[in-house]
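What follows is a short report on a single structure.
The values are calculated or read from the model by the stated rules, or taken from the named source; none is laboratory data. Just so we're clear, the structure is a prediction, and the values are computed from it rather than from any experiment. All Cβ positions, even for glycine, are placed from backbone atoms using ideal geometry, and neighbour counts span all protein chains on display.
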Amino acid sequence: MNLTKTEFKEYLLCDKSLWLKKNRPELYTAGEFSLFLQKILKDGDEVESYVQKLFPEGVTITGSNLSLLDKTKELLENKGTLFQATFETRAGLFAKVDILKWNQETEKWDVYEVKASTEIKSDFKHNHLKDIAFQVAVVEEVLGKEQVGENYIIYINKDYRRGEELNLAELFIIENMTREVREILPEVKAETTTALELLHKEEISYQDCPCLYRTTGQRCDTFFFFNPDVPEYAVHNIVSGKKLTQLVDERIFEIENIPEDMKLTLIQAAKVDLVKSGVPRIDHEAIKETLSKLVFPLYFLDYETLAKPMPPLPGYKPNQAIVFQVSVHKLLEDGTLEHFEYLADDIEHASEGLVKMLREVVGDTGHVIVWYESFEKGRNAELAELHPEAREFFMHMNERIFDLMKVFTQYYADPAFGGSFSIKSVLPVMLPELTYKSLEIQNGTMALSEWEKMVTGKMTPEYRALTRENLLRYCELDTRAMVELYKILKAKVGL
Ligand code: SF4
């Protein structure tokens, strides 16, 4: 069994998760987190293809893994620049080097690692230094230490703003990291040895995993496989640090079983009380007062976006979101409801059509209702910058925004929300019949990845039409859900 750089990264994040993925793939659950990782890998490939243009003399090595090894051996003779030069050590470490360049002066091979990131990270989650150190360790072992020269990381300049054309020399930063790589090389070599030993184990314990002692943020999709006794809304959602350790050590996972004498903050205590009481806590007066101030017509609005490391259009920065879709439900005071929608058919004109549609549909008066306002406000500010002719419109729209989620976070607590106020947590409790489960596209990550496939032409016309329809229905449900939640709230407080 071999170990690639990507797998080594996964190993550093979690050994159990990698073992399961490699040795028992049938047990490995791939959920939204995995989908997100796939997007990151895809973005990485795209960035790499642009970086290669900075090395016009480079030769790309393609083929199956076995033939890559042979072709690499052959092409090394030419002492040029190779993309995806591939090496495997006797122990099974497998590396495809982004760029391997023969340095005429030093007469050594320089190793370049490309990152679709706007900085060189060395934190626990993204350790770019360890990535390149893995590659260097493999190349050194196969070619010999004396053959390897400088080590560079190429990453994205966060201050770059695209003009008509991409300026690759300005977009990418090439940084010499040889000294830093040398410092951590012994540590990385030791870690690769331990990783390979683990992968060769026939079995590991399926009982618990380290995330049992952590809050929910670091979990992978397999958390509930390793920790089946932990409910979805558990003590992990309430406390952290020493308190969490104490509870886990005592195998207390249910919130209602948190001991009375545990010292909690006011917010934590309120959450525990809510679960123990089992009934929603609703501030009717505050909801009534808040909703009665809304000005009609009400525009329930939701955007879908795609952010790419490579700025796709003039005026965009790296990772700036393209707003490719919007759904608007317009509600009049007499109850009349109209639906408007826009979905871009290509990247180039995505925001133009959307801006036009919004200016026609969303008038000058009335509140614009969203769920989690900082997202829509941020996109509006970017659209205002990209479309100066609509600047006033978007700035004014931001003044009219009302965040429906805040009504829930401030005045409506229900233990059934499971500690989350995302619309996908609130909706099934308040309105179970209106569900995302029947839709083909069920979350934002799926939506952006399907739209990207749709506009990059990797679909048959029939499948494209179907995807278009699926995207429209998904976004429509987001705003329809807000309308219905608004109506339920009104009814509950007698408005
Ligand atoms: S939930 Fe955390 S510790 Fe458990 S397998 Fe996943 S990443 Fe590893």
Exercise for review: Go through the range 243-271 and give me each residue that's within 16 Å of the ligand (Cβ to nearest atom) and assigned to a loop (DSSP other than H, G, I, E, B).
Suggested key: Phe253
Exercise for review: Return yes or no: is Thr222 surrounded by 19 or more Cβ atoms within 10 Å (Cβ to Cβ) and away from the ligand (no atom under 16 Å from the Cβ)?
Suggested key: no
Exercise for review: Among the residues of the range 432-445, write down those that are under 15 Å from Glu476 (Cα atoms) and part of a helix (DSSP H, G or I).
Suggested key: Gly444
Exercise for review: Kindly indicate whether any position in the range 475-489 is farther than 19 Å from Phe340 by Cβ, exposed (fewer than 14 other Cβ atoms within 10 Å of the Cβ) and modelled with pLDDT of 95 or more.
Suggested key: yes
Review point. Can we say Lys79 is in a helix (DSSP H, G or I) and not small (Gly, Ala, Ser)?
Key: no
Exercise for review: From (1) surrounded by 12 or more Cβ atoms within 10 Å (Cβ to Cβ); (2) over 26 Å from the mean Cα position of the chain (by Cα); (3) not assigned by TED's automatic domain parsing to the domain that holds Val111, pick out the condition that doesn't hold for Asp249.
Suggested key: (1)
Exercise for review: Pick out the one residue from Pro297, Pro309, Pro318, Pro314 that is at pLDDT 95 or above and within 30 Å of Glu170 (Cα to Cα).
Suggested key: Pro318
Review point. Take the residues of the range 13-32 that are within 11 Å of the ligand (Cβ to nearest atom) and assigned to a helix (DSSP H, G or I): which is surrounded by the fewest Cβ atoms within 10 Å (Cβ to Cβ)?
Key: Leu13
Practice item. Mind telling me which of the residues Ala390, Ala413, Ala384 ends up being without any contact (Cβ under 8 Å) to a residue 24 or more places away in the chain and either of a type in the set (D, E, K, R) or surrounded by 15 or more Cβ atoms within 10 Å (Cβ to Cβ) (or both)? Key: Ala384
Point to revise | Selection status of Leu301, on the phi < 0 side of the Ramachandran plot, out of contact with any helix residue (DSSP H, G or I) (no Cβ under 6 Å at 6 or more places or on another chain), in contact (Cβ under 8 Å) with a residue 12 or more places away in the chain and in the same structural domain as Ala344 (by TED's automatic domain parsing) | key: yes
Exercise for review: Pick out the one residue from Lys73, Lys53 that is surrounded by fewer than 19 Cβ atoms within 10 Å (Cβ to Cβ), in contact (Cβ under 8 Å) with a residue 40 or more places away in the chain and assigned to a helix (DSSP H, G or I).
Suggested key: Lys53
Practice item. Might you let me know whether the range 478-492 holds any residue that is under 23 Å from the mean Cα position of the chain (by Cα) and not β-branched (Val, Ile, Thr)? Key: yes
**Study point:** Identity of the residue in the range 225-242, over 17 Å from Asn257 (Cβ atoms) and near the ligand (Cβ under 10 Å from one of its atoms), that ends up surrounded by the fewest Cβ atoms within 10 Å (Cβ to Cβ)
**Key:** Phe225
Practice item. Give the range 272-307 a look and list any residue that's surrounded by fewer than 19 Cβ atoms within 10 Å (Cβ to Cβ), in a strand (DSSP E or B) and either β-branched (Val, Ile, Thr) or touching a Cys at 6+ places or on another chain (Cβ under 8 Å) (or both), or say none. Key: Ile282
Check your understanding: Out of the range 196-210, which residues are touching a residue at least 40 places away in the same chain (Cβ under 8 Å) and either in contact with an Asp or Glu (Cβ under 6 Å, 6 or more places away or on another chain) or within 14 Å of the ligand (Cβ to nearest atom) (or both)?
Key -> Leu198, Ile204, Cys209, Pro210
Check your understanding: Within the group Lys424, Lys487, Lys458, which residue is not β-branched (Val, Ile, Thr) and not in a helix (DSSP H, G or I)?
Key -> Lys458
Exercise for review: May I ask you to list the residues in the range 308-365 that are surrounded by 15 or more Cβ atoms within 10 Å (Cβ to Cβ), among the small types (Gly, Ala, Ser) and under 30 Å from Leu495 (Cβ atoms)?
Suggested key: Ser327
Check your understanding: Only one of Leu448, Leu434 is touching a residue at least 12 places away in the same chain (Cβ under 8 Å), in the same structural domain as Tyr299 (by TED's automatic domain parsing) and surrounded by fewer than 18 Cβ atoms within 10 Å (Cβ to Cβ); which?
Key -> Leu434
Practice item. Search the range 101-144 for residues being aromatic (Phe, Trp, Tyr) and in contact (Cβ under 8 Å) with a residue 60 or more places away in the chain, and hand back the single one that is nearest to Glu191 (Cα to Cα). Key: Phe134
